[in-house]
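Here the structure is laid out as structure tokens; the discussion comes afterwards.
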Amino acid sequence: MVIGIDPGKIMTFAFISNNKNNVYWRRAEIQTDAFIEVIKDIKRQSAYSEGGKIFIEYVHSMPTDSRKSAFLFGYSVGCLHSALKMEGLEYQLINPTGWRKYTNTHTKQDSIDYVKNKYPNVSLLATEKSRIDNHNIADAICIADYGYYILFSNNKEEKNG
């Protein structure tokens, strides 16, 4: 199982099975029981222990962010890293330029289009009432897809970068 995580106030977790037959996602807000359950579910999944890996987008605040926004963003990312470490789950940080180059996605809509083309059976609607595809869900799936490539390709250069 390859897991891609798009960090933020609401974390988006994408899961791709080792044979790519099963692709799904979950979202959870920091400081909620749902977030803790997602982390515990990751640990419980036997597929993770059988050669799977977690990939997290390496993120940082932007100079244009307000102090409050930057603090909250950093807090949520710190909570994610801490929760994974506390459960003994190893992860790899990946640069956005890496997964964007691999998926050839440069905008939010590009990510949505990539996922719709590669995984047409996956819904990108955040809720049952949503009418617009969620780019954070698409980004998490793109991150997992890139992680899958890193993990299962024979390209040694990519694995080290």
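If you take the residues in region 63-79 that are of a type outside the set (D, E, K, R) and open to solvent by 100 Å² or more (accessible area, probe 1.4 Å), which one is modelled with the lowest pLDDT? Reasoning before the result, please.
If we filter region 63-79 for residues that are of a type outside the set (D, E, K, R), which is where we start, we get 63-64, 66, 69-79.
Narrowing the set further to residues that are open to solvent by 100 Å² or more (accessible area, probe 1.4 Å) leaves 63-64, 71.
Values: Pro63: 73, Thr64: 76, Phe71: 78.
Filtering first and then ranking leaves Pro63.
Within region 1-13, the set of residues being part of a strand (DSSP E or B) and open to solvent by 50 Å² or more (accessible area, probe 1.4 Å) comprises just one member, Ile10.
Got at least one residue in region 105-125 being out of contact with any helix residue (DSSP H, G or I) (no Cβ under 6 Å at 6 or more places or on another chain), closer than 21 Å to Gln45 by Cα and among the aliphatic types (A, V, I, L, M)? Yes, that holds for at least one residue. Residue pairs whose Cβ atoms lie under 6 Å apart, separated by 6 or more positions or on different chains, with the first residue in region 78-98 and of a type in the set (Ser, Thr, Tyr) and the second at pLDDT 90 or above, are Tyr91/Ile54; Tyr91/Ile56; Tyr91/Leu84. Taken over region 85-108, the criterion of being open to solvent by 70 Å² or more (accessible area, probe 1.4 Å), under 14 Å from the mean Cα position of the chain (by Cα) and closer than 20 Å to Ile10 by Cβ is satisfied by Leu93 alone. Is it the case that some residue within region 14-31 is open to solvent by less than 60 Å² (accessible area, probe 1.4 Å), within 25 Å of Thr127 (Cβ to Cβ), touching a Leu at 6+ places or on another chain (Cβ under 6 Å) and not in a helix (DSSP H, G or I)? No, that holds for no residue.
Put simply, of Tyr148, Tyr114 the only residue that is in contact with a strand residue (DSSP E or B) (Cβ under 6 Å, 6 or more places away or on another chain) and in a helix (DSSP H, G or I) is Tyr148.
In region 109-138, the qualifying residues are those that are of a type in the set (S, T, N, Q) and within 16 Å of the chain's Cα centre (by Cα), and the one that is surrounded by the most Cβ atoms within 10 Å (Cβ to Cβ) is Ser111. With respect to the conditions (1) touching a residue at least 12 places away in the same chain (Cβ under 8 Å); (2) touching a Gly at 6+ places or on another chain (Cβ under 9 Å); (3) open to solvent by 70 Å² or more (accessible area, probe 1.4 Å), His60 falls short on a single one, namely (1). Considering region 32-62, the residues that are under 14 Å from Met11 (Cα atoms), not hydrophobic (A, V, I, L, M, F, W, C) and not in a loop (DSSP other than H, G, I, E, B) include one that is modelled with the highest pLDDT, namely Glu57.
The values are calculated or read from the model by the stated rules, or taken from the named source; none is laboratory data. For clarity, every value in this text was computed on a predicted model and none was experimentally measured. Please note: Cβ atoms are built from the backbone with ideal geometry, for glycine as well, and neighbour counts cover all protein chains shown. Protein only, heavy atoms only, side chains kept; ligands, DNA and RNA dropped before computing areas. Shrake-Rupley method; radii C 1.70, N 1.55, O 1.52, S 1.80 Å.
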